[in-house]
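What follows is a single structure, written as structure tokens, with notes after it.
Where a number appears in this text, it was derived from the coordinates with a stated rule and is not lab data. From a predicted model like this one, the values you see are computed outputs, not experimental measurements. Backbone-built Cβ (ideal geometry, glycine too); neighbour counts: all protein chains shown.
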Amino acid sequence: ALVRRERRRLDEIAAGRRPDEREATGREATGREATGREATGRARRLAQVPVARGGSVEMDELFGARPVEVGAIALLGVGGLVLPVPLWIFGAAAAVLSRVWTAREKVIALVVPPLVAAVAVAASDGVRALGALGGLSAGHVPPPLRLAGPAGAGYLAWRLLRAVGARSVRFTRGRARGR
């Protein structure tokens, strides 16, 4: 019981609430973003990313506010194309640890694209084309499976932009911003 109470207290501090704050029901806040006060906590954390008037956000500001999410998107996208086994796995682990995306969004991004690609490869080339696990780790990955990483990364990027209230990301050089 003491460990659970301390974990709740640390979750509340991480969520930006004082440990003595209570939800409207009188229970201690657990740090899960679901409804009511917890949902406003999630919105408050995501609102730290400044969104420009046209609905765009600077890439460096987004990375500064949400480094785990931007890193997960980069690892999933690039790792899926270049080196799927180590990079995509690290990107998937970072995405799973993120608190911005819901469990449903994580499943849609990390499970559905590889599953659809595997079914497509199996249907077109036969099960033999999927290769053994050793063949996949050696870099012999069929092209549809390589595209599953960027597809999942694109979905998570879209959900991250929606979460912060932006429609696009601006990439500008340091001098263009006056640095």
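Here are some notes:
- On the beta carbon distance between residue 120 and residue 83, with R0 = 22 Å, the FRET formula returns roughly 0.55.
- In terms of surrounding Cβ atoms within a 10 Å radius of their Cβ, 89, 108, 73 rank from fewest to most as 89, 108, 73.
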